[in-house]
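**Q** What follows is a single structure, and I will ask about it in a moment.
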Amino acid sequence: QVQLVESGGGLVQPGGSLRLSCAASGSIFSIAAMGWYRQAPGKQRELVAAITTGGSTDYADSVKGRFSISEDNAKNTVYLQMNSLKPEDESVYYCYAQRGTWTWGRGTQVAVSS
C-alpha cells in the first residue's frame, strides 16, 4: 500500500503563493503518476495537476501558467507550486498516487481571501 501525507495549505491573500507537498511512503515502486485534485463545497472533485513517473505533466486549464507540479524522487515527494492565487482556487486539495488502484491523501485546505 501507498501512504500519502500532504502539507502546505493555509490562508493566503489573492495574488499570493503557496506550495503544497505530498510525501509518499510504502509500496511506491510502481506508482505511475501522482498529482492533485481539489474539491470545493458543493462542487465535484476536479483534477488540478498531475505528473507521471516519466515527467509528463498535465494541468487544468484554470491553473495553467499559475500552478506548477514537480517531483523530488529522492524524497518521494510531489510539490504543487501555486502562484497568483485567486478566490476561486479556494478548496480542499487532495494528493493522489496512481498505482493500479488510486490512493488519496486526507486533503489540505487552501483559503484565498483578503
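Any read-out appearing in this document is the output of simple, stated calculations on the displayed coordinates, not a laboratory observation. In this text the structure is predicted, and so the values were computed from the model without any measurement. So basically every Cβ, Gly included, is an ideal-geometry build from the backbone, and we count neighbours across all protein chains shown.
**Q** How many nm is it between the label spots at A40 and Q81, if each spot is 7 Å from the Cα in line with the beta carbon?
**A** 2.5 nm
**Q** From the phi of every residue in the range 54-69, what ³J(HN,Hα) in whole Hz does the Karplus formula 6.51 cos²θ - 1.76 cosθ + 1.60 yield, where θ is phi - 60° and glycine or proline is x?
**A** Whole-Hz 3J(HN,Hα) from phi for the range 54-69: x, x, 6, 10, 9, 9, 5, 4, 5, 10, 4, x, 10, 10, 9, 9.
**Q** Could you give me D for the range 45-91, from Stokes-Einstein at 10 °C and 1.306 mPa s, where the hydrodynamic radius is the Kirkwood radius over C-alpha pairs? Units µm² s⁻¹, please.
**A** 138 µm²/s
**Q** Let me test this: with uniform point scatterers at the alpha carbons of the range 8-49, what is the Debye-based log₁₀ I(q)/I(0) at q = 0.25 1/Å?
**A** After summing over all Cα pairs, the log10 values are -1.08.
**Q** Note down the nm distance, to one decimal, between modelled labels 7 Å out along Cα→Cβ at E88 and at W104.
**A** With each label point 7 Å from Cα toward Cβ, the separation is 2.4 nm.
**Q** Below 24 Å, Cα to Cα, which lysines can K86 reach? Residues fewer than 8 away in the same chain don't count.
**A** K43, K64
**Q** Computed over the Cα atoms, what is the radius of gyration of the chain divided by 2.2 N^0.38 Å, N being its residue count?
**A** Rg over 2.2 N^0.38 Å, computed on Cα atoms: 1.00.
**Q** Across the range 74-114, how large is the tail of the calculated P(r) beyond 13 Å, expressed as a percent of all Cα pairs? Can you show the working numbers first?
**A** On the way: 529 of 820 pairs.
Cα-Cα pairs of the range 74-114 separated by over 13 Å account for 65 percent.
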